[in-house]
1. I need the full set of residues from region 262-278 which are outside any loop (DSSP other than H, G, I, E, B) and either polar (S, T, N, Q) or closer than 16 Å to Gly222 by Cβ (or both), in order please.
2. Scan region 54-64 for residues that are surrounded by 16 or more Cβ atoms within 10 Å (Cβ to Cβ) and either over 10 Å from Val30 (Cα atoms) or touching a His at 6+ places or on another chain (Cβ under 7 Å) (or both) and jot them down.
3. Only one of Ser51, Ser86 is of a type in the set (Ser, Thr, Tyr), loosely packed, with under 13 Cβ neighbours inside 10 Å and modelled with pLDDT of 95 or more; which?
4. Could you check, for region 181-198, whether at least one of its residues is assigned to a strand (DSSP E or B), among the polar types (S, T, N, Q) and out of contact with any Asp or Glu (no Cβ under 8 Å at 6 or more places or on another chain)?
5. Condition first: free of Cβ contacts under 8 Å to residues at least 12 places away in the same chain and either on the phi > 0 side of the Ramachandran plot or not assigned by TED's automatic domain parsing to the domain that holds Ile169 (or both). Now tell me which residues in region 204-243 satisfy that.
6. In this structure, is Ala277 modelled with pLDDT under 90, surrounded by fewer than 17 Cβ atoms within 10 Å (Cβ to Cβ) and in contact with a Ser or Thr (Cβ under 9 Å, 6 or more places away or on another chain)?
7. If I filter region 129-151 for residues that are in a helix (DSSP H, G or I) and surrounded by 14 or more Cβ atoms within 10 Å (Cβ to Cβ), do I get at least one hit?
8. With the requirement that a residue be part of a loop (DSSP other than H, G, I, E, B) and among the aliphatic types (A, V, I, L, M), what does region 166-180 give you?
Amino acid sequence: MDPRACMCAGSCNQNAQIREDDVSEPYTIVLQQAAVFDGTTLIGGTRSDFSVSNRTYTRNLDGGGVVPADFWSLFSADSPKIVGISARTRNPYDIARVITGGTFAQFREEIDLRPLVQHVIMYPGDQLALQTIDRGIPVELLVQPLSESDHVGWAKRYEPLARTRRFRITRGDQSGWVPGANPPPLVLGWAWDPVTGFNSATTTNQGVFPLSSFFGPRVVEGVEAWVRVSGVTGANVYVRAGGPNGSVQLISGTLTEGHWSDRFHIGFDDLIQIATAAPQNASVQVDIEFGPPRHRRCPCPKDPEG
C-alpha cells in the first residue's frame, strides 16, 4: 500500500512530504466549504485533515482562502510547482491569485475560476489565494512539482505578457492645455499607485509628451495609445511627427469629457499633444494608456477590437 494514501495510524507516516522524484502524476486536492473563499485568511491544518482516496485529497473547510506554500505539508514550500485550478463557477468575480509576500495585493498571476482546468506556476514560497463571491463552490487543485522538462516546456509555450500601462497627468493651475506653435517636450515626475495600478503626475507647464517621458530614454519602438480627458469637454488629441517641430496629425477632435479617444499608433520619436479649453471650477486630467504595437501592415483580417 502506498503510505502517502494510508489513513491508518501506526507505522505509516501521514505527515511525510511527497517526494518530488516519486511524483509521475499530479495529486488532486478538493477544497469544499459552505462559505466563500475570502482570499486573505490562511487555511491552516496538515495533510491529516484530508480524507484520501488514491491520489485525491478532500477536505471540508470552515473558512479561509489562502493555500499555504507547502500545501499542508504535502509538498515542500521551497520547490516550484505546476498547479491546475478548476471550480464550478463562471462568475468573473471568482478568482485565484498566485501571491508573494503573503498579501492578496502582491501577486504574480491572476485567473478567473472556471470549470476548465487552468495552470499556473508557483515558485518557492508562493501561496495560492482563492477569492469567491459565490458560496459553496468546490475548488479542485492538481498539484505537481515542476521538473526541468516542465520548466523548459512552459518557457517555450508562454511568451512574456504584453501589458498595458496607464498614466494620469493633472494640471495643477486650473488652466487648459495650450501647447502653442513649438511646444517643448515635458519631463514629468511620476508617482506609482499600487492600488489604482497607474502612475500619476501633476504639472503647471505647457508642452507635449514624448514616449521617453513614459518609458524612459531608451525607447526603440512605437506603441498603441488611447487618451481620455476629464474636467473639460471638447479636447483635441494630436500626434506630432518626429519632434516638437514636426507635422501635426489630428487623432480625435472635440472629445466628450471622460470618453476615450480612438486607438492610434505613435512612433518612438513622435509626441502626444493635447489641446483643451480652461476647465470650469476644476482641474484637467489626462489619462493615457499604452498597449503593445500591432502589425499595422499585416494582411490579416481586421482586428475585432478595433
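The values are calculated or read from the model by the stated rules, or taken from the named source; none is laboratory data. None of the values given here were measured: they were computed from a predicted structure. Cβ atoms come from the backbone with ideal geometry, glycine included; neighbour counts cover every protein chain shown.
1. Listed by number, the residues that qualify are Phe264, His265, Ile266, Leu271, Ile272, Gln273.
2. Answer for region 54-64, where residues must be surrounded by 16 or more Cβ atoms within 10 Å (Cβ to Cβ) and either over 10 Å from Val30 (Cα atoms) or touching a His at 6+ places or on another chain (Cβ under 7 Å) (or both): Arg55, Leu61, Gly64.
3. Among Ser51, Ser86, only Ser51 is of a type in the set (Ser, Thr, Tyr), loosely packed, with under 13 Cβ neighbours inside 10 Å and modelled with pLDDT of 95 or more.
4. The initial filter retains those residues of region 181-198 that are assigned to a strand (DSSP E or B), namely 185, 191-193, 198.
Next cut, among the polar types (S, T, N, Q) only: none.
No; the residues of region 181-198 include none that is assigned to a strand (DSSP E or B), among the polar types (S, T, N, Q) and out of contact with any Asp or Glu (no Cβ under 8 Å at 6 or more places or on another chain).
5. Gly216
6. For Ala277, the condition - modelled with pLDDT under 90, surrounded by fewer than 17 Cβ atoms within 10 Å (Cβ to Cβ) and in contact with a Ser or Thr (Cβ under 9 Å, 6 or more places away or on another chain) - is not met.
7. yes
8. Residues of region 166-180 part of a loop (DSSP other than H, G, I, E, B): 172-180.
Once the filter is applied, which keeps residues that are part of a loop (DSSP other than H, G, I, E, B) and among the aliphatic types (A, V, I, L, M), region 166-180 yields only Val178.
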